[in-house]
Each structure stands twice: as C-alpha cells, then as structure tokens.
Amino acid sequence: MDRHDVVVIGAGFAGLTAARDLREAGKDVLVLEARDRIGGSTWYQPDVFDGVGLEMGGTWIVPQQTHVWAEVQRYGIPVEDSELPGRMTWSDRGTVLDTLLPVPPQEYEQLEHAVRALIADASRFDPLRPLSEQDVADLDVPIRQWAENAGLTGNAKELMMSWFCGCANANEDTGSALDILRWCSSMDSSLWGMVQASVLGFTFTNGTASLARAILADGGAQLRLSSPVREVESDDEGVTVTYDGGVVRADRVVMTTPVGVWQDIEFSPALPADKLAISRENHAGQGQKVWALARNVPEDISGFGWGTSFDYVGAMKTTERGVVLVCFAPEHDRVDAADLADVQRAVREFAPEAEVLDAHSHAWVHDEYSKGTWATFRAGQFAEYELCVGRTEGRVHFSGSHTARRWRAFIDGAIESGKRTAAEILAAEQ
C-alpha cells in the first residue's frame with residue numbers, strides 16, 4: 001500500500017494550494033481528484049463559442065480578494081479588467097424599462113432606502129470574524145424576509161431581492177441574506193464594490209485553469225485524476241483512503257469536497273452529527289450559469305431583472321457571429337440550457353430582439369462531485385454549521401471555500417482555506 005505524509009482529496013483551488021504549501025514544507029503529498037481535470041468548481045473550457053473560452057464556474061476576482069490576487073501576482077498570471085457598460089438594462093417581469101434607474105421617479109426615495117438598508121446591514125459586522133459569533137442572527141434569514149424586515153417596497157424591493165438571489169444563486173425563500181451581505185461588507189460596505197466582485201471585476205485572460213496549473217506545477221505534488229474517494233478510515237496512527245483505483249495510507253488527510261458530497265463517502269469513525277446534517281441539507285447554491293451566443297443584443301448589455309427567468313444577463317465578449325452572454329438563474333430548472341428556444345426566450349426578457357445561436361452550460365446541481373454551484377448558506381445555517389464545516393476531525397482536516405471567512409464561495413476563499421489547512425497540519429506535527 002502506498003504511504004504518504006498527506007493525501008489531499010480534491011484538486012480545486014483549496015486542494016492545490018494546500019498541496020503546494022505542504023510540499024514547500026517538505027511533505028510527501030498525493031492529490032486524489034474524482035474528475036478527469038483539475039479546478040474543482042472552476043472549469044475553463046477553451047474555444048467553445050467561435051474561439052472564445054468559457055468559465056463554467058468561478059470567473060471574476062478583485063484586488064480586495066487578497067489571497068487570489070497574491071497568487072496571480074506570484075505567478076504572473078494575466079488578468080484583464082471588465083469593460084464598464086454604457087448603461088444598465090432593467091427588466092421588470094420581462095418588460096425592459098426605458099429609464100435610467102430601475103424605478104419610476106415616485107419610487108426614487110424607496111430605491112435610496114433599499115441601498116441604505118443594504119449598506120447599513122453590511123456595516124454591522126466584521127467579515128473576518130465568524131458571523132455566528134456576532135450579533136447578526138436577525139440577518140441570517142431568507143432573502144425575502146430580509147427585504148420585508150427592511151421595509152422595502154415596489155421595484156426597489158424586487159430589484160434588491162433579485163440581486164441577492166443572483167449573488168446567492170439561490171431563491172429568495174432559501175438563501176441567507178447574511179451570506180450575501182457579507183459580499184458587501186467584504187468590499188468595505190460598498191454597493192459598487194459588491195457589483196465589481198460579482199460580475200464586473202477582473203477575469204483571467206487564459207482562464208482560471210492558468211492559475212490552477214501554475215499552483216499545481218509549483219507544488220509538484222503527485223496527482224491522480226479520475227480517482228473518486230469512497231472511504232476514509234482513521235485510526236491512531238494514520239488514515240486509510242480507498243478510491244477508485246486503489247488504497248493509500250497517509251498520516252493526515254485534507255478533505256476539500258463540497259459539503260453535499262460528504263454523505264457519499266464512508267467515514268470511519270463516522271462524521272459528527274452536525275457535519276452529516278449539513279451534508280444532507282446541502283447549501284443554497286442550487287441555480288444555473290448559462291452561456292449564450294446571441295445576435296441583436298447590445299454589445300455592452302448588463303441587465304438585471306426581477307420576475308424574469310435569469311437574474312442577470314451580461315455581455316462578456318463579441319465575436320463575428322454575435323455577443324457572448326453570461327446568464328444566471330437562482331434555481332436549476334428556470335431555463336433549459338439544452339433548448340436554444342428556451343434560452344432565447346429567457347434572454348429576450350432583457351433584449352427583446354435577441355436571436356440565440358448557441359448555448360452552453362454545466363448542470364452543477366446534478367454533478368455528483370459538486371451537488372450545487374457556489375456554496376452560499378441556507379437561511380439559519382450560520383448558527384448551526386459555520387464553524388463545523390472547517391473543524392478538524394482527528395487526522396482529517398476540512399478545507400474548501402465553504403470554510404473560508406471573508407470570501408466564502410469564491411476562488412479567494414478556496415485559496416484562503418487551503419493555506420489555513422496546510423498551516424494546521426504543519427502546526428499539529430510540531
């Protein structure tokens with residue numbers, strides 16, 4: 001049986017970062033990845049639409065995300081800033097508003113109130129500290145309830161709920177408002193900063209895979225792809241990991257898989273009740289990300305909608321045939337990405353003359369190694385699970401963006417968690 005100092009389960013950014021840092025400290029590290037690729041919840045597919053590469057998972061970064069930004073600088077990975085749209089497109093239940101702002105003049109006061117409520121609540125807590133240990137339980141409520149508690153009405157309420165749902169990739173009765181308020185808080189309680197971090201930040205010129213490959217190459221850890229883990233058995237002297245293709249022994253294990261996947265792995269000793277509970281509940285990120293190539297749409301469209309199939313439709317690039325659009329929906333079945341007519345129907349709620357020529361998506365919700373998109377908490381999960389998801393269980397250390405502090409569910413959070421977990425292992429062996 002192979003023996004290593006550490007086995008890392010998962011070759012996403014958390015696993016690759018942990019493996020690199022452990023290798024730098026002289027550890028013998030093996031990375032087991034269920035898929036036939038690295039990157040985890042990021043997945044860059046080159047040359048999909050007329051030579052344009054598409055990010056099926058994580059896409060944008062900002063300098064305030066200090067962990068990923070430092071890695072980009074370390075390896076000299078080229079990134080490019082998003083071009084700002086000339087104006088915003090607002091869709092009210094499929095009707096494109098011909099106004100500068102998403103509300104009629106008589107509701108300007110309500111729009112101001114909504115923005116003030118967002119900033120005021122985002123300013124109430126420190127995003128670097130566990131939120132479950134701060135006095136913000138009243139914010140850990142469904143998105144709709146937060147809007148109602150804040151006294152929002154009219155289009156301002158609909159827009160704010162839709163914006164939160166888009167960020168959470170979850171519906172208004174499931175996603176925690178607190179998890180999305182953290183995005184604003186992490187950008188110094190700036191609404192514009194929150195927009196940048198969400199859909200108008202920097203993108204990787206050669207895809208997120210360019211950074212993933214650089215970290216892997218620098219670390220030099222052994223990597224086995226197409227090796228899903230089935231059993232993790234711990235004892236006083238180490239951990240035995242059984243995967244498709246073999247069995248390996250290690251002093252310690254780093255588990256980076258999404259929480260919904262834990263229940264599919266046989267742990268011995270069994271997972272504690274809280275970890276098993278959140279795995280069965282899963283997180284709130286159960287929506288869609290759909291790419292479309294369309295004609296007859298503005299080349300700089302950036303559209304937010306409420307009562308629409310997509311929460312957001314935004315232009316990313318222009319090809320000879322049309323405009324490449326990235327589209328988000330808060331539930332996985334809002335749009336049939338395999339049906340061009342249905343994608344066109346949804347896009348036309350923002351651009352009525354749109355002709356969709358092609359569409360591409362990945363059903364992360366039905367992916368057995370993900371079981372969801374990015375990991376935003378359900379309402380009420382902070383108090384129950386925020387700390388447990390990253391808690392070490394004996395010789396098994398838990399990592400992944402869902403364990404991060406400031407930038408949960410982002411590439412930055414995954415890298416942060418990988419660094420933290422590597423440091424934990426090194427400290428435990430001193």
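The values are calculated or read from the model by the stated rules, or taken from the named source; none is laboratory data. Everything numeric in this text was worked out from a predicted model, so none of it was measured. All Cβ positions, even for glycine, are placed from backbone atoms using ideal geometry, and neighbour counts span all protein chains on display.
Worth a mention:
- For region 396-430, the candidate set comprises residues that are over 14 Å from residue 8 (Cα atoms), over 14 Å from the mean Cα position of the chain (by Cα) and not in a helix (DSSP H, G or I); within that set, the residue that is modelled with the highest pLDDT is 429.
- Remark: residue 203 falls outside the filter, which requires a residue to be at pLDDT 95 or above, under 17 Å from the mean Cα position of the chain (by Cα) and farther than 30 Å from residue 100 by Cβ.
- Of all residues in region 55-89 being out of contact with any Gly (no Cβ under 7 Å at 6 or more places or on another chain), acidic (Asp, Glu) and modelled with pLDDT of 95 or more, the one that is farthest from residue 199 (Cα to Cα): 71
- Residues in region 87-98 that are in a loop (DSSP other than H, G, I, E, B), among the acidic types (Asp, Glu) and under 17 Å from residue 162 (Cβ atoms): there are none.
- Note on region 135-165: residues that are in a helix (DSSP H, G or I) and within 18 Å of residue 111 (Cα to Cα) amount to 19.
- Condition check for residue 247: within 26 Å of the chain's Cα centre (by Cα) and of a type in the set (A, V, I, L, M): no
- Sole exception among (1) in a loop (DSSP other than H, G, I, E, B); (2) in contact (Cβ under 8 Å) with a residue 40 or more places away in the chain for residue 101, by number: (2)
- Matching option when the condition is within 24 Å of residue 14 (Cα to Cα) and in contact (Cβ under 8 Å) with a residue 40 or more places away in the chain, among 53, 86, 94: 53
- Among the residues of region 122-157, just one is in contact with an Asp or Glu (Cβ under 9 Å, 6 or more places away or on another chain), closer than 19 Å to residue 167 by Cα and of a type in the set (Asp, Glu), namely 140.
- Restricting region 240-258 to residues that are of a type in the set (Val, Ile, Thr) and surrounded by fewer than 23 Cβ atoms within 10 Å (Cβ to Cβ), the residue that is nearest to residue 269 (Cα to Cα): 240
- Whenever a residue of region 345-356 is buried (at least 21 other Cβ atoms within 10 Å of the Cβ), its partners that are in a loop (DSSP other than H, G, I, E, B) and among the charged types (D, E, K, R), lying with C-beta atoms within less than 9 angstrom and at least six residues away or across chains, give the pairs 346/334; 349/93; 354/348; 356/348.
- Members of region 404-430 that are of a type in the set (A, V, I, L, M) and either touching a residue at least 12 places away in the same chain (Cβ under 8 Å) or buried (at least 24 other Cβ atoms within 10 Å of the Cβ) (or both): 404, 409, 411, 414, 415, 422, 423, 425, 426, 428
- Checking region 117-125 against the condition returns a match, with at least one residue being more than 30 Å from residue 361 (Cα to Cα) and exposed (fewer than 14 other Cβ atoms within 10 Å of the Cβ).
- Within region 290-306, the set of residues being surrounded by 21 or more Cβ atoms within 10 Å (Cβ to Cβ) and among the charged types (D, E, K, R) is empty.
- Failed item, numbered, when residue 397 is tested on (1) under 30 Å from residue 54 (Cβ atoms); (2) out of contact with any Pro (no Cβ under 8 Å at 6 or more places or on another chain); (3) assigned by TED's automatic domain parsing to the domain that holds residue 31: (1)
- Filtering region 202-239 to residues that are in contact with an Asp or Glu (Cβ under 6 Å, 6 or more places away or on another chain), of a type in the set (A, V, I, L, M, F, W, C) and surrounded by fewer than 19 Cβ atoms within 10 Å (Cβ to Cβ) leaves only 225.
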